[in-house]
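Below: the structure, in structure tokens.
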Amino acid sequence: MGRLRAINDSDGHVAGDRILGRVADVIDVIGDQLGCEDTLLRYVGDEFVFSVLGPRLADITRR
């Protein structure tokens with residue numbers, strides 16, 4: 001069971017939605033660094049997928 005599901009179960013979906021909102025803010029910052037061939041998505045629950053092509057991966061992870 002993911003942590004987001006545990007939060008939804010214990011504190012309600014409003015709390016989980018707030019956390020997802022904060023995650024979305026972080027993803028916006030990361031997304032600004034991604035190129036057009038890169039992919040960033042929410043897979044399920046609290047799992048996210050980043051597919052970064054090219055040498056920029058080192059640049060992105062340094063920030």
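Some points to look at:
- Our coupling estimate for segment 40-45, obtained by passing each phi through the Karplus curve with A = 6.51, B = -1.76, C = 1.60 and θ = phi - 60°, is 9, 8, 8, 7, 6, x Hz, Gly and Pro reported as x.
- Carbon/sulfur fraction of accessible area - segment 10-53, other protein chains in place, 1.4 Å, %: 55 percent
- Applied to segment 14-27, the Karplus parametrisation 6.51 cos²θ - 1.76 cosθ + 1.60 on θ = phi - 60° returns per-residue 3J(HN,Hα) values of 4, 5, x, 5, 5, 5, 4, x, 5, 4, 4, 4, 5, 5 Hz, with x for Gly and Pro.
- TYR43/ARG3 FRET efficiency (R0 22 Å; Cβ-Cβ; nearest 0.05): 0.95
The values are calculated or read from the model by the stated rules, or taken from the named source; none is laboratory data. A quick note: this is a predicted structure, and the numbers were derived from the prediction, not measured. A quick note on method: Cβ atoms are made from the backbone with ideal geometry, for glycine too, and the neighbour counts reach across all protein chains shown. We work out accessible area using only protein heavy atoms, side chains counted, and drop any ligands, DNA or RNA first. Shrake-Rupley method; radii C 1.70, N 1.55, O 1.52, S 1.80 Å.
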